[in-house]
Amino acid sequence: MIRDVSERDQDDRLPRLWEEHRRAPFPPGFRGVDFDGVDLITLDADVAGLVHRELDRGLDDEGVAILWACVAGLDRVLPLIGDEYGASYYRRLRMMAGAVAARHLPGAI
């Protein structure tokens, strides 16, 4: 299979983003907070677990479905986060989720 540059960039970017995320403290004041019905700490934990699983052994179909729900949640809450650090923390989470999701898009026939 021939992979294009963007696929290789995605593969290289995910482990780097994951390490950055693991070192980043959770945003102060975000524990127990939800926006638009999305609990921020649960969203963080779910995406982190899915990224870790993808890097370790890959996601199964259930994991991919949960990932897409997380992407939708991130897309809902990101515009609502006014705190600069919190917004950058969740943007990185969205980039990781997007990089994993890109690995699980159906191929064209």
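The values are calculated or read from the model by the stated rules, or taken from the named source; none is laboratory data. In this text, all values refer to a predicted model and were calculated from it rather than measured experimentally. FYI the Cβ positions are ideal-geometry reconstructions off the backbone, even for glycines, and counts take in every protein chain you see. The accessibility values were calculated without ligands, DNA or RNA, using every heavy atom of the protein model including side chains. Shrake-Rupley method; radii C 1.70, N 1.55, O 1.52, S 1.80 Å.
Data for the structure
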read-out	value
Dipole moment magnitude, nearest 20 debye, region 47-90 about Cα centre, only Lys, Arg, Asp, Glu C-beta charged	40 debye
Dipole moment magnitude, nearest 20 debye, the chain about Cα centre, only Lys, Arg, Asp, Glu C-beta charged	260 debye
Surface per residue (accessible, 1.4 Å probe) for the chain, Å²	60 Å²
Which of F26, I66, P79, positive extreme of dipole for region 17-92 (C-beta unit charges)	F26
Sum of -39500 (n - 2.57) over DSSP H runs of 4+, divided by residues of the chain (222 nm, nearest 500)	-22500 deg cm²/dmol
Chain lengthening between L105 and A69 when straightened (0.36 nm per residue, less Cα-Cα)	11.5 nm
Inter-label distance for A87 and D60, nm, one decimal - labels placed 7 Å from Cα along Cα-to-Cβ	3.9 nm
Length released on extending from R13 to R31, taking residue separation times 0.36 nm less the Cα-Cα span	3.7 nm
Cα gyration tensor shape of the chain, rounded if a/c is under 1.5, else prolate or oblate by comparing a/b with b/c	prolate
